[in-house]
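Take a look at the structure below.
The values are calculated or read from the model by the stated rules, or taken from the named source; none is laboratory data. In this text the structure is predicted, and so the values were computed from the model without any measurement. Neighbour counts are summed over all protein chains in view; Cβ atoms, including those assigned to glycine, are modelled from backbone coordinates with ideal geometry. Each accessible area value is taken on the protein alone, full model and side chains, heavy atoms only, with ligands, DNA and RNA left out. Shrake-Rupley method; radii C 1.70, N 1.55, O 1.52, S 1.80 Å.
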Amino acid sequence: MTEKVQAGVAMLKVIESWGVNHIYGYPGGSINSTMNALQQEQENLQYIQVRHEQVAALSAAADAKLTGKVGVCFGSAGPGAVNLLNGLYDAREDNAPVLALVGQVPHNRMNYDYFQEFNEAPMFDDVAIFNRTAMTAESLPYLVDKAIRWAYKENGVAVVVIPNDFGYVEIPDIPYTSERTRNQALPKPLPDPELVQEALYMIKDAKYPVIHLGQGARGADKEYEELSKKLQIPIIITGLAKGVVPDSFEGNMGPINRAASKVANELIKKTDLVISIGANFPFAESVYANRPFKYIQVDNDQSKFGRHHHLDLGIWSDAKEFAKKAIEISEDVEPNAYYKAAVAAQKDWRAYLQKLMDRTDEPLEYEQVYKEINRIADDDAVFSMDVGDNTINSFRFLDMNPKQKLLTSALFATMGCGIPGAMAAKLSYPDRQAFNIAGDGAFSMVMQDMITEKRYNLPIINIVTSNRHLSFIKSEQDDVPQPEFGVDLTDADYAKIAEGMGVKGIRVDKFSELHAAFEEAEKEYKAGRPVLIDANITSKRGIPVEFELGKDDGSIYEDDQFKAEYDAGELKPFDEYLAEYSAE
C-alpha cells in the first residue's frame, strides 16, 4: 500500500530536492497549510520569518543573484501577495530565478467574495514567466517542480497560487521532483574564429577603442586583463561588473554614466569603437545616443543582440571563451599613446578619490566612511548596496576584487534592498563577511528587519549614511533645474532604533569617532552578532561626471568655482592627457 503525505509537505520536499535550504515569508491565514508543512520539515528547510513580504521577495531575489540557485519566498492571500510584488519585479528585471508561493482561500470558498479572497493570478501575469493556480492537492508538488524548472529556464519569476486547504490533503508519497535534470550543465557557446578575427580587424582600425565589460564576464578577470594589455584597450564597466576585474587593474576605468568614473565617461564620449562583453547597459539610450562609434557585441544570448545600439558585429559566445580565442589569434600591440593616456588619467582620478578618503578633518563625510569599510572588508566580502547616493559612492570608493560580490537592485532600483541582500548573503555564504550599505531614506523603508538579523543571529555589518536627505533625487532636481521639494527627511537616531531591536547600535557624529566605531563593529561581527553604524554625514554631493555641465570641451575642470566646490583642483580633461602622450 502506498504511503501518504500531506500535499504541503510533498511540495516542500520538491523544493528541498532542488538544493534550497531556506525560505522567506510571513504567516497568514491563507498560507497556514504551508506553515504546517514548514513545521514538519523544519530540520530540512529553514524558515526565515521576515517582518514584511517585500523583504521576503527581495531576499529570495538576492539569493538567486548571489548563487544562481532558485530563491524561494511566500506570502498570504490579499495584502501578503501584493507586498511580494516589489521584490518579484526586482528579480524579473535582474533575471534572477525566484519561486513565489502565494496563499489563497480554501478552494470551496473561492469566488464567494470570501475574506481576503480575490483573483490573484492576473496580478502576477506581468512579473512572472510561469503563473499557475493549483487546481487539486495532488497537482501541488508537480506544479511547484514545474515552476522551478521554468524559473531556471527563463531566469525569472515563477508563481504558484495555493488554495489553503490543498496543503493539508494527504496524497501518495511518491517522487515528484525532476531535479536530476538540473545536473545537466548548459553548454557554453564558443565563438566563431572568423568573427573573432573580424572583430580584431575592427579593433586594429579603431583609434580609440574601449571594452565595455558586463557581469557576463564574471570569472574571466585574468583573460580580460590580459586582453586589455595585449591589445592596449582600456576597459569600462557596467555597475554590476564592479569587481569582475580588480579595481586595482591599471586598465580598469570604472563604470560610466552618473554612478561613474570621470575617465570612463570621457572615454565613452571619445571612443570610435565599443566592444560590449556580456553587458546590459540600460542607460544606453541616453549615454550612447548620437555617438558615432562602431559597436561589437559579444553575448551568450542571441536575443540580446542590438538591443542597446546599432550592431556592426555580433558574436554569440561565452565571454571567457571569446577572450581566450581573441588572445590566441591576436598579435601583441605595441604600447600606444592612447592606452597610456587613459591609464594616466585613471591613476589621477583614483588619486583624487583617495585624497577625499584620506581627509582627517571635520565634518564627517561619506568618503571617510568608505575608507573604513575598505579597511575592515575581507577579500571575499559581500557588499549589499542599497539604492541612492550610495550607488554612486560604492561604485567609486569600494576597492573590490573578483572574489568579492556586489549586490543591489540594479534595473528595478528599488530602495530597501540593502538589508534583504545582506541577509541572503549570510544565509547563502555563512562564512563570508556581509555588509549592508544604505542611506537613511532606503534604510528606513526596511529597518524593521533588523529584528530578523537578530532573530537568526546573522552577523551583518549595517552601515547607515544619514544625511537627512534623499540625496540622489535632490541632485536630480538640482540638475533639471527645479526647486528642491520633498527630498528632506526627518532625522532619527538609527543607532537607538537598532538597540531597541536588540542589535548593537553605534552612532558616529564626528570623524574622530569613526575609526573606533568600526573597530567595535568588527568585534561584534566576529562575535557572531549583527551591528549597526549610524554615520551622520553631510549632504555634500559627489563630483558630477556624467554631464557636460554646459561646456563641450571638458574645460569645466579649469573652472575655479567648480574645482573649489568639489575640491578637484588636480583634475583635468582627458584631452590634455591625449595631448601629453601625443595621442590626438
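At a glance:
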| quantity | calculated |
| --- | --- |
| Between the stretch 452-510 and the stretch 304-353, the Cα center-to-center distance that results, in Å | 38 |
| Gyration tensor verdict on the stretch 241-318 (Cα atoms; rounded if a/c is under 1.5, prolate if a/b is larger than b/c, oblate otherwise) | oblate |
| Degrees, to the nearest 10: 140-154 long Cα axis against longest axis of the chain | 10 |
| Solvent exposure ordering (accessible area, 1.4 Å, most first) of Arg541, Arg307 | Arg307, Arg541 |
| Solvent-accessible area of Arg375 with every protein chain in place, 1.4 Å probe, in Å² to the nearest 10 | 100 |
| Distance in nm between pseudo-label sites at Asn108 and Asp361 (7 Å out along the Cβ direction from Cα) | 7.8 |
| Separation of the Val333 and Leu200 label points, Cα + 7 Å toward Cβ, nm | 1.3 |
| Accessible area per residue in Å² at 1.4 Å probe, computed on the stretch 430-485 | 41 |
| Sequence-separation-based contact order of the stretch 344-482, relative, with Cα cut under 8 Å and 6+ spacing, percent | 23 |
| Area accessible to solvent at Lys510, 1.4 Å probe radius, in Å² | 100 |
| List Thr177, Thr465, ordered by accessible area with a 1.4 Å probe, largest first | Thr177, Thr465 |
| C-alpha long axis of helix 221-231 to longest principal axis of the chain, angle in ° | 30 |
| Nonlocal Lys pairs with alpha-carbon distance under 30 Å, the stretch 366-496 (8 or more apart, or different chains) | 16 |
| Rounded to the nearest 10 Å², the accessible area of Glu546 at probe 1.4 Å | 30 |
| Within straight-line cross-link reach of Lys230, lysines at Cα separation under 16 Å, skipping those fewer than 8 residues along the same chain | Lys204, Lys207, Lys222, Lys320, Lys324, Lys325, Lys340 |
| Among 477-485, 116-124, 75-83, the order from most to least packed when residues are scored by Cβ within 10 Å on average | 75-83, 116-124, 477-485 |
| Degrees separating the helix 337-357 axis from the principal Cα axis of the chain, which is the longest one | 70 |
| The chain - percent relative contact order, Cα under 8 Å, separation 6 or more | 12 |
| C-alpha center-to-center spacing [the stretch 378-418, the stretch 220-288] in angstrom | 17 |
| Gained length - Arg375 relative to Asp479, 0.36 nm times residue gap less alpha-carbon distance | 34.1 nm |
| Listed peptides 309-320, 210-221 by packing density, highest first (mean Cβ within 10 Å) | 210-221, 309-320 |
| Ordering of 95-102, 267-274 by burial proxy (mean other Cβ atoms within 10 Å per residue, highest first) | 95-102, 267-274 |
